[in-house]
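Please read the structure below before turning to the comments.
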């Protein structure tokens, strides 16, 4: 960033930069830490400088955003910042209130993890303190953020915010109206919907404790207070297991292969898609590319993609591998039988249910099978570097890996059925030991858990359609009610569905 500029303007309030604003005289406003200014106990001193745009960037559309870059990725707040706890979709998040940021930002990892919908726009360029330019084109609109008893609707730009989930800048602060704050003691006061509100900052340990509290027992047989503290300490020790993974998973002994009955490439023409679906396919492909899960392909293989509606009315992109599966040699690795798994739980009184986050995507494709996963959209040809959904032998590969890494614990303290790992123990002390061993195995094998679907230290747990406790195994009442409420079948397909449901329980 060349020599230090003579003219500096301290950034303490709104810097006159807004969406759609264009910097005068072809200059881009950025935030830098002054070369002769050191970090103090109160935080870093930030200055606003004007830097000429590089050649070719004179016509950058839209704007210029100011970010308080120094301390931006730190766990503790700096001057004019402090951390808050809150929730999005009921999931605890780490937030930073930052008066040095002109807009609001959300972690791209959190957007992917919670499948938060976003829209594409013309884009915004941000030059970071090291001179690197970041281009943002995604925005989540009207995102519901809960802070205590207050619910806020905010627009946020999708950005790699490091360890922070959400950054609330001047865009949010100005919407509050008159605000009284004390950055040093980390609190702020304002009026929201005619109700006085006081928000207090939190420490890192407080934030971790709040995030882990959601997984502790809540049933009628809840564990004692001292046991809660023991469990919480263990979860904090292995909190990295609940973070979104970055980069490709490691290569293992059971990387997924696709053996075929012949060498004839399978190539199926892509389907036709309406315009709105094309936009969604492009978005999801770009997201997979950014995550490193796929790459452009020159393979002679090609399968089409389809979009499937999810319960929340969003889309899931799936590759139609039916043609490839027809010529795939089946893997004979045995899939567990539910009744046999449940028999192993006799004598257990404490249970923890773990769920692997997108389990298939945590397994690498073998180098010989990558080209066979190739899929084609209306705009390009790509191939998977991780095991995708829809491949015939994917369940067998997944179970082979799980059985391999948990071999020493199977039939003693762990049962596994696809993504669901159940840890069971006869006593509380042994359960803590078993959980720690399982967590260490997961960490050693770079496997991540889905915190939304995990539960720990339960005396009663729902597993594979059954309720399991120290008293034994019983049918899940909710499943029984589904059978009772099932409408009378009027065709063969409906009858088969009903018989399949009733036949699930022995």
Next item on the list: Can you confirm whether segment 118-127 contains a residue that is within 30 Å of residue 239 (Cβ to Cβ), out of contact with any helix residue (DSSP H, G or I) (no Cβ under 7 Å at 6 or more places or on another chain), part of a strand (DSSP E or B) and modelled with pLDDT of 85 or more?
Entry: no
Note to self: Criterion first (modelled with pLDDT of 80 or more, surrounded by 14 or more Cβ atoms within 10 Å (Cβ to Cβ), assigned to a strand (DSSP E or B) and outside the structural domain of residue 279 (by the TED database)) does residue 156 satisfy it?
What the structure shows: yes
Notebook entry, point to check: Counting residues that are farther than 27 Å from residue 136 by Cα and out of contact with any helix residue (DSSP H, G or I) (no Cβ under 6 Å at 6 or more places or on another chain), which strands (runs of 3 or more DSSP E) fully inside segment 262-379 reach at least 2?
Noted result: 303-309, 350-355
Check: Of everything in segment 165-205 that's within 30 Å of the chain's Cα centre (by Cα) and modelled with pLDDT under 80, which residue is surrounded by the fewest Cβ atoms within 10 Å (Cβ to Cβ)?
Finding: 205
Notebook entry, point to check: Just one of 417, 456 is in contact (Cβ under 8 Å) with a residue 40 or more places away in the chain and farther than 23 Å from residue 230 by Cβ; which is it?
Noted result: 417
Note to self: Within segment 392-400, does at least one residue satisfy the condition of being in the same structural domain as residue 342 (by the TED database), within 22 Å of residue 238 (Cα to Cα) and outside any strand (DSSP E or B)?
What the structure shows: no
Checklist line | Residue list for segment 405-417, filter: in a strand (DSSP E or B) and surrounded by fewer than 18 Cβ atoms within 10 Å (Cβ to Cβ) | finding: 410, 417
Notebook entry, point to check: For residue 420, are the conditions met, namely being within 23 Å of residue 333 (Cβ to Cβ), assigned by the TED database to the domain that holds residue 359 and either modelled with pLDDT of 90 or more or surrounded by fewer than 17 Cβ atoms within 10 Å (Cβ to Cβ) (or both)?
Noted result: yes
Next item on the list: Inspect all residues belonging to segment 307-318 and state whether any of them is within 28 Å of the chain's Cα centre (by Cα) and within 30 Å of residue 411 (Cβ to Cβ).
Entry: no
Item checked: Tally of residues being within 23 Å of the chain's Cα centre (by Cα) and not in a helix (DSSP H, G or I) across segment 224-251 -> 10
Margin query: Please go through segment 307-324 and give me each residue that is buried (at least 17 other Cβ atoms within 10 Å of the Cβ) and at pLDDT 85 or above, ordered by number.
Written below: 307, 317, 319, 321, 324
Checklist line | Single residue of 435, 442, 447 found to be within 23 Å of residue 395 (Cβ to Cβ), assigned to a helix (DSSP H, G or I) and in the same structural domain as residue 360 (by the TED database) | finding: 442
Next item on the list: From the list 350, 384, pick out the single residue that is closer than 29 Å to residue 437 by Cβ and crowded, with 20+ Cβ neighbours inside 10 Å.
Entry: 350
Notebook entry, point to check: touching a residue at least 24 places away in the same chain (Cβ under 8 Å) and farther than 29 Å from residue 266 by Cβ - does that describe any residue in segment 316-325?
Noted result: no
Margin query: Among the residues that make up segment 264-276, is at least one of them modelled with pLDDT of 85 or more and under 20 Å from residue 444 (Cα atoms)?
Written below: no
Notebook entry, point to check: Within segment 73-80, can one find any residue that is modelled with pLDDT under 75, touching a helix residue (DSSP H, G or I) at 6+ places or on another chain (Cβ under 8 Å) and surrounded by fewer than 18 Cβ atoms within 10 Å (Cβ to Cβ)?
Noted result: yes
Notebook entry, point to check: Which one of these does residue 111 not meet: (1) in a strand (DSSP E or B); (2) modelled with pLDDT of 85 or more?
Noted result: (1)
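The values are calculated or read from the model by the stated rules, or taken from the named source; none is laboratory data. All values derive from a computational prediction rather than experimental measurement. Every residue, glycine among them, receives a Cβ derived from its backbone with ideal geometry; neighbour counts consider all protein chains shown.
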